[in-house]
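The values are calculated or read from the model by the stated rules, or taken from the named source; none is laboratory data. Just so it is clear, the structure is predicted and the values come from calculations on it, not from any experiment. Glycine also receives a Cβ, built like all others from the backbone with ideal geometry; neighbour counts cover every protein chain displayed.
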Amino acid sequence: MNARPDFSKFEITSIQARKRWSNAFLCLCAVTSTFSIIILAVLIFTIVISALPVFGPHSDQLESTGRLLFSPQDSSAGREALGAGDLVQGIFRPHNLIRGGLGKDNDQVLWSDTEPTKGPFTIGFYTFEIGGDSKDNLRYMTNAKGTQSVASFLEKLGLPKQPEFADAALVVLESAAGGLDFEKITTSGALVNDQVIEQFAAVDDWQIKLLTGVVSESDFAEIRFQESNRGELSQIRKTRVRKRAGQMKLLMSILYEAGHEGGEYADLKLRRYTDDQIYKSQLKVDSAELKGMSRRQRAGFDLGGSFNIEWRSKSQSSASTLDHITHFLTAKPNSSDPATAGIGPALWGSVWVCTICAFVALPLGIGTAIFLEEFKPTHRFLLFLQNLVQLNITNLAGVPSIVYGILGLTAFATMFGVFGSDKEPLFRFGGKYYYQYLSEGMYPFLVPVADPSTPPQLIAGIRAEDGDHQPITLNVIGPSDPLPDDETLLQWTVRSDSEGGLHPEKPWFYFQVPFGRGVLAAALTLMLVILPVIIIASQEAIKAVPSSLREGAMGLGSTRWQVVRNVILPAAIPGMMTGAILSVSRAIGEAAPLVVLCGVVYIARAPEHLMDFISVLPIQIFYLTGQPISEEGQVNFQNVAAAASLVLLVVLLSFNTVAIVLRQITTKPLS
Amino acid sequence: MSVSETIQQPAALTNRKLKPLRWVRARESVIKSGLLSATLFSILVTVSIVGLLFRETVRFFQFDRVTVSDFLTGTTWSPTLGAGGQFGIWPLICGTLLIAGIAMLVALPLGLITAIFLSEYAPRKLRNVLKPVLEVLAGVPTVVYGFFALTFITPFLQSTFGIQLEYFNALSAGIAVGILCIPTVSSLSEDALQAVPRRLREAAYGLGCTKFDVATKVVVPAALSGIISAFLLAIARAVGETMIVSIAAGATPRLTLDPCIEIQTMTGYITNTAKGDVSNFGIEYFSIYAVAFTLFIMTLGVTLIGNLIRLKFQEAYE
């Protein structure tokens with residue numbers, strides 16, 4: 001017989017007291033558990049509330065305006081408008097750009113056109129320019145985002161830091177892809193005293209909000225700007241200021257992309273800078289009329305002094321909530337006007353990336369799970385190895401996704417640098433390359449080239465095509481030859497020293513090695529992120545198949561694969577599908593690896609081939625949350641971010657619902 | 001079932017197509033090697049992560065301006081200051097730990113109590129609501145949490161509790177990360193609690209315990225290893241969380257424990273550097289590898305311990 005426990009050592013609490021404790025704890029439990037429900041409700045509520053202005057009725061007068069300062073003959077007027085640190089800016093040329101900086105004392109406007117000393121050089125996505133009249137007298141430099149300090153750039157270039165430089169304005173506008181069709185333009189900023197003081201001139205959505213240019217000492221300047229109203233109305237493709245016989249002339253070549261049915265119009269005004277009078281108002285077009293019309297129009301203005309050109313466009317369509325939603329889901333992002341911003345390209349980017357990701361990750365993950373569960377080795381050492389693999393996979397699931405982004409960047413996007421760089425890939429297939437020029441008659445044309453790295457020599461009889469790929473005959477003249485008077489001849493007249501920009505045309509099957517920071521690399525990177533999740537979920541599903549089924553099939557003489565194909569897979573597929581849906585929804589919401597891989601850049605269109613640059617929905621939200629909040633207007637970027645989040649949440653919630661319902665239906669015991 | 005019904009041959013027998021054994025074996029081995037290579041891919045991923053991070057980290061330390069000892073002991077992280085820049089990892093580690101600490105203060109109690117409630121108390125109907133809610137909470141994209149922290153949590157803390165917060169601050173980012181971690185803690189802990197055999201509970205009830213006694217004095221201690229592993233995995237998740245801190249915690253590396261001001265975490269630094277225009281060969285570019293390597297080692301260590309505890313614990317009741 002065991003000794004009786006020593007009851008005197010027990011502390012006896014009354015049953016009432018213990019029940020009170022128990023009930024109190026139950027209350028605590030219930031409150032805490034409902035906390036997650038409350039949080040979810042508050043989260044969704046907050047997002048819906050902040051998203052409402054985007055979809056709700058807001059001003060029908062959607063306006064976008066721009067300003068362009070010209071002071072062709074005497075730049076004093078322009079200088080008055082500018083202070084130290086101001087943006088002095090504005091020459092786009094095909095391929096590389098513009099740069100200009102205002103000197104420390106506001107007394108010098110420097111253009112790299114007239115005195116380039118260094119560059120352009122490319123770092124990552126971006127092209128940088130640095131210039132000045134000599135290496136020791138560095139005046140200005142450009143930088144794509146204005147986020148880098150001056151010193152670090154100078155260091156990269158091996159230049160000594162100039163004290164006077166610290167006070168100068170730095171300016172940036174940049175096109176990464178080059179050519180007349182920008183694929184991406186980054187925002188610009190100005191650096192003063194090594195600090196980013198402000199973001200100037202948002203040009204990242206084909207819309208130049210503030211473009212100020214001072215033209216001095218140079219015979220012509222050309223400015224290209226594009227304007228989009230609700231993403232699709234019009235593009236003013238190219239303008240050029242030319243000084244001829246003492247008279248300045250602003251020429252414009254305009255390409256419309258009329259798409260919207262509403263009564264929208266673009267309105268271009270020339271406003272005299274000095275007295276603020278509207279000098280000429282022209283070019284009022286209705287997009288409805290434009291449909292089916294000739295796509296190219298020309299307009300000329302005589303410029304006699306300093307001008308402030310303003311353009312604005314309006315939408316007078318009265319849009320319903322449904323229209324707003326459709327617009328939001330299809331339109332381009334817009335960094336200057338939240339009311340017209342959309343998420344179209346990012347949405348398509350997400351669709352592309354997640355589809356490819358699922359197609360790669362599912363076979364790989366399910367295959368691994370089958371191997372680990374159904375092809376267990378008998379040898380002890382092999383079994384140990386298998387356990388190691390298992391532990392490895394479990395740990396991979398815990399690796400921060402940003403680490404996968406770094407891996408993807410190195411392994412897929414640049415392929416460790418063994419196959420050449422992104423811009424100069426070792427292998428490419430399917431692309432056609434052109435150099436795009438602007439003729440003296442202000443018409444763009446294309447010259448096909450075999451090797452994209454060398455621009456063609458413009459000689460008489462060279463093969464050339466116009467914008468619609470119709471062959472044309474070029475009239476090539478020398479750098480200082482007089483222009484022909486005949487308008488039709490002038491149309492395709494080009495000077496032999498004209499500079500062109502690379503204009504690649506890549507069809508959907510375009511392929512290159514290394515993959516570059518595009519769709520395929522992004523999909524493969526996300527595949528790495530979700531692979532462990534899929535493996536683990538599939539393993540769980542396979543484990544849930546009772547071994548009696550397996551043994552029965554084995555007893556009938558099936559091979560292991562026959563067991564898997566005919567017994568295990570049919571029984572485990574619902575469970576696997578649940579895991580697959582949940583992991584794909586993780587891929588849809590994942591941003592960190594793609595921020596590293598793709599960068600946060602402006603993308604104006606849906607991807608067209610596997611190597612195309614993309615933005616995805618979470619990156620778009622990340623970008624939007626970083627935008628400044630303005631108190632003006634009914635819609636600001638926080639609202640747009642909320643609306644994009646709402647779209648993402650709706651997609652993910654429906655995925656989750658499908659997964660949960662699928663699991664509820666299929667969790668029947670199989671044995 | 002009527003008697004007249006004739007017994008049909010199983011479809012498997014009528015449809016069978018006999019193939020030569022050689023052919024079947026060949027196919028079997030092809031499929032097996034295919035599946036094996038799929039499995040080996042995950043090994044390849046691990047090896048390439050470690051190899052890549054190690055190689056590039058070595059290249060980072062080959063720069064004249066950085067030394068391993070400065071990196072590991074330095075208290076200033078200012079990579080963009082050019083030649084005067086310093087690479088001491090501690091401000092970033094401090095930021096990361098601050099965020100993880102705040103997150104755990106939120107996630108551990110809430111997650112554990114939710115798990116106990118789900119496992120021991122909740123009626124079936126409530127369970128059927130709570131579980132999907134937790135799953136949805138886990139599935140909300142982290143960018144959305146970041147946005148939530150910025151636009152709801154910070155203003156809420158300011159207006160309700162009167163805390164002086166900077167626009168970007170560690171507190172609200174940490175709370176958002178904590179919310180993100182609640183489902184991780186609760187579902188893993190619940191698995192651990194569920195794995196405690198019924199007989200232990202029944203024995204305790206037999207001794208006259210209340211539900212509370214059973215839960216806190218029997219089930220939780222019995223499942224402690226599983227709960228600790230859940231905690232560790234949640235910590236790893238909080239340390240590796242990127243988008244919330246990039247959006248809501250700011251971008252100023254600071255060696256501070258003040259949660260009301262702007263800080264920067266390791267993940268935040270990587271995003272902030274990689275999203276912009278960093279040179280492919282500059283020191284900042286390689287610094288992200290060094291930071292990522294540190295992050296990887298930290299999370300891997302925590303995850304590894306967590307998983308080992310979990311595996312060991314699983315065996316204990318089988």
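Hey, could you check the range A:580-605 for residues that are assigned to a loop (DSSP other than H, G, I, E, B) and at pLDDT 80 or above and say which is nearest to the other protein chains (Cβ to nearest Cβ)?
A:A591
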Query raised in the report: Out of curiosity, is A:L407 of a type in the set (A, V, I, L, M), buried (at least 19 other Cβ atoms within 10 Å of the Cβ) and in the same structural domain as A:V596 (by TED's automatic domain parsing)?
Result: yes
Report summary line: Within the range A:434-455, of all residues that are surrounded by fewer than 20 Cβ atoms within 10 Å (Cβ to Cβ) and modelled with pLDDT of 80 or more, the one nearest to B:L52 (Cα to Cα) is A:V449
Requested in this report: State whether the residues of the range B:173-193 include one that is in contact with a Cys (Cβ under 9 Å, 6 or more places away or on another chain), over 20 Å from B:L300 (Cα atoms), surrounded by 15 or more Cβ atoms within 10 Å (Cβ to Cβ) and not β-branched (V, I, T).
Outcome: no
Query raised in the report: Looking at B:V50, is it over 28 Å from A:V403 (Cβ atoms) and within 13 Å of another protein chain (Cβ to nearest Cβ)?
Result: no
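Within the range A:552-560, does at least one residue satisfy the condition of being without any contact (Cβ under 8 Å) to a residue 60 or more places away in the chain, of a type in the set (K, R), within 14 Å of chain B (Cβ to nearest Cβ) and farther than 30 Å from A:L407 by Cβ?
No.
B:R55 - would you say it is over 19 Å from A:L382 (Cα atoms) and within 10 Å of another protein chain (Cβ to nearest Cβ)?
Criteria met by B:R55.
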Query raised in the report: Quick one: is B:D70 in a helix (DSSP H, G or I), modelled with pLDDT under 85 and acidic (D, E)?
Result: yes
Requested in this report: Tell me which residues, restricted to the range A:542-551, are in contact (Cβ under 8 Å) with a residue 40 or more places away in the chain, of a type outside the set (D, E, K, R) and part of a helix (DSSP H, G or I).
Outcome: A:I542, A:S548, A:L549
**Report entry** Test for A:L646: is it closer than 27 Å to A:G344 by Cβ and either outside the structural domain of A:I406 (by TED's automatic domain parsing) or under 15 Å from the mean Cα position of the chain (by Cα) (or both)
**Finding:** no
**Report entry** Unique match (being among the β-branched types (V, I, T), part of a strand (DSSP E or B) and in contact with a Phe, Trp or Tyr (Cβ under 7 Å, 6 or more places away or on another chain)) among A:V494, A:V529
**Finding:** A:V494
**Report entry** Filter result for the condition that a residue is crowded, with 18+ Cβ neighbours inside 10 Å, within 13 Å of chain A (Cβ to nearest Cβ) and of a type in the set (V, I, T), over B:V129, B:V140
**Finding:** B:V140
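To keep it simple, each residue is scored yes or no on (1) hydrophobic (A, V, I, L, M, F, W, C); (2) under 25 Å from the mean Cα position of the chain (by Cα); (3) within 11 Å of chain B (Cβ to nearest Cβ).
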site: A:F384; (1), (2), (3): yes, no, no
site: A:V389; (1), (2), (3): yes, no, yes
site: A:T394; (1), (2), (3): no, no, yes
site: A:P400; (1), (2), (3): no, yes, yes
site: A:G405; (1), (2), (3): no, yes, yes
site: A:A411; (1), (2), (3): yes, yes, yes
site: A:G420; (1), (2), (3): no, yes, no
site: A:F429; (1), (2), (3): yes, yes, no
Query raised in the report: Of (1) more than 14 Å from chain B (Cβ to nearest Cβ); (2) out of contact with any Pro (no Cβ under 6 Å at 6 or more places or on another chain); (3) surrounded by fewer than 18 Cβ atoms within 10 Å (Cβ to Cβ), A:D497 satisfies all except one. Which?
Result: (2)
Requested in this report: Among the residues of the range B:185-236, write down those that are within 14 Å of chain A (Cβ to nearest Cβ) and not in a helix (DSSP H, G or I).
Outcome: B:L207, B:G208, B:C209, B:T210
**Report entry** Failed item, numbered, when B:E135 is tested on (1) within 8 Å of chain A (Cβ to nearest Cβ); (2) buried (at least 19 other Cβ atoms within 10 Å of the Cβ); (3) closer than 12 Å to B:L180 by Cα
**Finding:** (2)
Requested in this report: Would you be able to say whether some residue in the range A:339-358 is part of a helix (DSSP H, G or I), within 14 Å of chain B (Cβ to nearest Cβ) and free of Cβ contacts under 8 Å to residues at least 24 places away in the same chain?
Outcome: no
Requested in this report: Could you please let me know if A:A361 is in contact (Cβ under 8 Å) with a residue 40 or more places away in the chain, within 14 Å of chain B (Cβ to nearest Cβ) and aliphatic (A, V, I, L, M)?
Outcome: yes
Requested in this report: Run B:L150 past the list (1) within 7 Å of chain A (Cβ to nearest Cβ); (2) under 30 Å from A:V661 (Cβ atoms) and report the number of the one that doesn't hold.
Outcome: (2)
Report task. Mind listing whichever residues of the range B:95-121 are in contact with a Cys (Cβ under 8 Å, 6 or more places away or on another chain) and more than 7 Å from chain A (Cβ to nearest Cβ)? Result -> B:A103, B:M104, B:V106, B:A107, B:G111
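The rows are residues; the columns are (1) assigned to a helix (DSSP H, G or I); (2) at pLDDT 90 or above.
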residue: B:L110; (1), (2): yes, yes
residue: B:S119; (1), (2): yes, no
residue: B:V129; (1), (2): yes, no
residue: B:V136; (1), (2): yes, no
residue: B:A149; (1), (2): yes, yes
residue: B:Q164; (1), (2): no, no
residue: B:G178; (1), (2): yes, yes
